[in-house]
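Okay, so here's the structure we're looking at.
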Amino acid sequence: MSRRRHSWIPLLIALVIALAWYGYRSGWFSPRTTSVPATVTAGSPDAERAAQTYESPHLALGTPVDATPEDDHIIIKPQFVLSYKGEIVSPAWVAWRIDTSSYGAVPRYTGKFRIDTDLPAGLPRATHDDYTGSGYDRGHLCRSLDRTDTAENNLATFLMSNIIPQTHDLNGGPWLKLEDYCASLARDSGKTVWIIAGGRYTPDAARIGANRVAVPVSSWKVVAILDRGIDPARIESKNGIRLIAIDMPNTRGIIRHDWKRYRLSVDEIEARTGYDFFGRLPLALQDELEARVDSL
């Protein structure tokens, strides 16, 4: 009798496991995040203190700042840091760090992209459905394949605050090729790589979806590559550090292009975007490194 009475227990355990797996795939569980208050602006003393308080590795080389930091809402997460702008209903930039520890065997999340509930109240927010039928990919800035160490970290990359509209030819073409190259440096060559990426917008930008998400005319990226063992807080010379900067058109017909054809100097990306990058590097070193166009 006792054996028959408890015969339902294995079925219950199987049901719980199935529901947990379905919940993960469907996005029921949100990744842990640490949010900076909406009043914190990029480049301010509060933002620098926040970066230190939460020990964000993604801002070790400096927080990007432009001439109007008051509209940059900085959100610090364990997986990346983002600056969100309600005007474009998208991130202005996302910053993240990768090294060998960023990679594991976690499969890519396959559910819907999700609204970021950490965004300040009142800001317009993009949804998964804004992109449906638009002709644009949901283009990751911090990509899924750079966060395969844990399911939680992979899931975070599917927040809409990490996504901008990209043509498939860009997203699956030179953009992907540069992503793969950066990953190979971090995963296979033992480098530590800091990446900042975003879109460049015009005042008359096209809009998609019910929430009128702005479509960038190009996608840009700046990359700092450090040799193993270099402390980012104590960089004094150009030895062991390399900078890459690109700006790729958000158009069709470029899927076979090499990412290297879009290389520029960091100075040029700063001029095009209005942001100042790598502000924690010594000024003289910034001037020297940021004026160069990478040629490796």
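The values are calculated or read from the model by the stated rules, or taken from the named source; none is laboratory data. What you see is a predicted model, and the numbers here were worked out from it, not measured in a lab. Here Cβ is always computed from backbone atoms with ideal geometry, including for glycine, and neighbour counts include all displayed protein chains.
Screening G198 with (1) loosely packed, with under 15 Cβ neighbours inside 10 Å; (2) touching a strand residue (DSSP E or B) at 6+ places or on another chain (Cβ under 9 Å); (3) in contact (Cβ under 8 Å) with a residue 40 or more places away in the chain gives one miss only, at (1).
Of the residues examined, I244 is one that is β-branched (V, I, T) and closer than 19 Å to D180 by Cβ. Picking from residues in the stretch 129-149 that are more than 26 Å from K177 (Cβ to Cβ) and not small (G, A, S), the one that is surrounded by the most Cβ atoms within 10 Å (Cβ to Cβ) is D130. If you check I241, I230 for being farther than 21 Å from V94 by Cβ and touching a Leu at 6+ places or on another chain (Cβ under 6 Å), only one passes: I241.
Could you list, in sequence order, the residues of the stretch 274-285 that are more than 18 Å from the chain's Cα centre (by Cα) and either part of a loop (DSSP other than H, G, I, E, B) or touching a residue at least 60 places away in the same chain (Cβ under 8 Å) (or both)? Outline the logic, then answer.
Taking the stretch 274-285 and keeping what is more than 18 Å from the chain's Cα centre (by Cα), we get 274, 279-285.
Once the filter is applied, which keeps residues that are more than 18 Å from the chain's Cα centre (by Cα) and either part of a loop (DSSP other than H, G, I, E, B) or touching a residue at least 60 places away in the same chain (Cβ under 8 Å) (or both), the stretch 274-285 yields G274, G279, R280, L281, P282.
Within the stretch 94-150, the set of residues being in contact with a Leu (Cβ under 8 Å, 6 or more places away or on another chain), assigned to a loop (DSSP other than H, G, I, E, B), among the basic types (K, R) and more than 18 Å from I74 (Cα to Cα) comprises just one member, R108. May I ask you to verify whether T117 is within 17 Å of the chain's Cα centre (by Cα), surrounded by fewer than 18 Cβ atoms within 10 Å (Cβ to Cβ) and modelled with pLDDT under 95? Yes, satisfied.
Within the stretch 87-111, being over 19 Å from A186 (Cβ atoms) and touching a Gly at 6+ places or on another chain (Cβ under 8 Å) holds for I88, S90, P91, A92, W93, Y109, G111. Counting only residues that are in contact (Cβ under 8 Å) with a residue 60 or more places away in the chain, of a type outside the set (A, V, I, L, M, F, W, C) and either closer than 17 Å to H58 by Cα or part of a loop (DSSP other than H, G, I, E, B) (or both), the stretch 151-174 holds 7 of them. Taking A271 and the conditions (1) without any contact (Cβ under 8 Å) to a residue 24 or more places away in the chain; (2) aliphatic (A, V, I, L, M); (3) assigned to a loop (DSSP other than H, G, I, E, B), which numbered condition does it fall short on, given that it satisfies the others? Answer for A271: the failing condition is (3). For the stretch 178-195, a residue qualifies if it is crowded, with 18+ Cβ neighbours inside 10 Å and without any contact (Cβ under 8 Å) to a residue 40 or more places away in the chain, and exactly one does: E179. Just to be sure, is R207 under 18 Å from P91 (Cβ atoms), touching a residue at least 60 places away in the same chain (Cβ under 8 Å), surrounded by fewer than 22 Cβ atoms within 10 Å (Cβ to Cβ) and not hydrophobic (A, V, I, L, M, F, W, C)? Considered against the rule, which asks whether it is under 18 Å from P91 (Cβ atoms), touching a residue at least 60 places away in the same chain (Cβ under 8 Å), surrounded by fewer than 22 Cβ atoms within 10 Å (Cβ to Cβ) and not hydrophobic (A, V, I, L, M, F, W, C), R207 comes out as no. In the stretch 223-278, the residue that is modelled with the lowest pLDDT out of those that are surrounded by fewer than 21 Cβ atoms within 10 Å (Cβ to Cβ) and at positive phi is G229. Each residue in the stretch 234-253 was checked for being under 22 Å from the mean Cα position of the chain (by Cα) and over 13 Å from I164 (Cβ atoms), and 9 of them qualify.
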